[in-house]
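Worksheet: one structure, shown below.
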Amino acid sequence: MARAGHAALRRKYHREWVGANDDCRRDLLDRLAASGPLPSRELPDTCELPWKSSGWSNNRNVTNLLELMVRRGEVAVAGRSGGDRLWDLAERVYPGTPAVPVAEAVRIRDGRRLRALGIARARGPECPVEPADVGEAGERAVVEGVRGEWRVDPAQLGQPFTGRVALLSPFDRLIHDRRRTTELFGFDYQLEMYKPAARRRWGYFALPILYGDRLVGKLDATADRKAGVLEVNAIHEDEPFTEAVTEAVGHEIEDLARWLELELVQPR
């Protein structure tokens, strides 16, 4: 955000689209200054050039413009009302402390990201939300059998490890980078909610299953709140579960049903 203006938008289409809709951008800033925080549906769409996309964001002008204005440091999410994000001027959301110099901010960010991931690529593909690369943070490492250079957090090397069993979100950072998940864990996974039902291997919203330090399978379950049940459609085992794995995963599924306050329905 210190590189404000069009330079904050790396893609040419983003820069040109924001420039073409500068009047709308100013309208949004004026409306938020007068009445914010507000959900996007209460903000005026005065865009002259509609947002074009082949996906679900096609013609969602205000939402996409707000997202790009976040990168420019002009607006920010101030909170939520139900499922809606509430937008406001960035100066009213971010703390008024002095800005960290860009180079130092990048160093701190990369270090924190590496501590969270443990091991990561030094460089990675461009990502619009949270990248998976860590620059020069940590120390260089090579993973046997995997090409390329990695970075590791030296503070975590040699530390005792206590495994656990967990049903992960498809957006969990452990498996968010699908290539990293395959290279480090040999775990094949895709979120299949956007695929036709006939092409799904594991289910609409399958949850990766963590057991100790291994990713061992996927849970295909459906939460039907109207019926008050959590229905287990299938448990996909990447390799045959031992009795201990089966029991531990079963307990996690029961805990999930209790947390959702739904009755558990197991396959017959």
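The values are calculated or read from the model by the stated rules, or taken from the named source; none is laboratory data. Every value quoted in this text rests on a predicted model; they were computed, and no experiment measured them. So basically every Cβ, Gly included, is an ideal-geometry build from the backbone, and we count neighbours across all protein chains shown. For the accessible areas, the whole protein counts, side chains as well, though only heavy atoms, and no ligand, DNA or RNA atoms are used. Shrake-Rupley method; radii C 1.70, N 1.55, O 1.52, S 1.80 Å.
Couple of notes before you dig in:
- Accessible carbon and sulfur surface of the chain relative to its total accessible area, %, 1.4 Å: 50
- Accessible area per residue for the chain is 63 Å², calculated with a 1.4 Å probe on protein heavy atoms, without ligands, DNA or RNA.
- As a rough guide to protection, the peptides 114-120, 37-43, 242-248 ranked by mean Cβ packing within 10 Å, highest first, stand as 114-120, 37-43, 242-248.
- A straight Cα-to-Cα reach below 16 Å connects Lys226 with the aspartates and glutamates Glu261, Glu263, residues fewer than 8 places away in its own chain not being considered.
- At R0 = 25 Å, FRET efficiency that the Cβ-Cβ distance of Ser53 and Val77 yields, to 0.05: 0.70
- Inter-label distance for Glu144 and Lys12, nm, one decimal - labels placed 7 Å from Cα along Cα-to-Cβ: 4.7
- Look at (i) 24.8, 84; (ii) 22.4, 64; (iii) 18.0, 56: the one that is Rg and Dmax of the Cα atoms in Å derived from this structure is (ii).
- Here Tyr94 sits with roughly 90 square angstrom of accessible surface, probe radius 1.4 Å.
- Dipole size of the stretch 107-238 about its Cα centre, with +1 on Lys/Arg Cβ and -1 on Asp/Glu Cβ: approximately 280 debye, rounded to the nearest 20.
- In plain terms, the chain from Asp172 to Leu157 could stretch by 3.2 nm, reckoned as 0.36 nm per residue minus the Cα-Cα distance.
- Efficiency of FRET from Cβ geometry, Ala105 and Ala34, R₀ 30 Å, rounded to 0.05: 0.45
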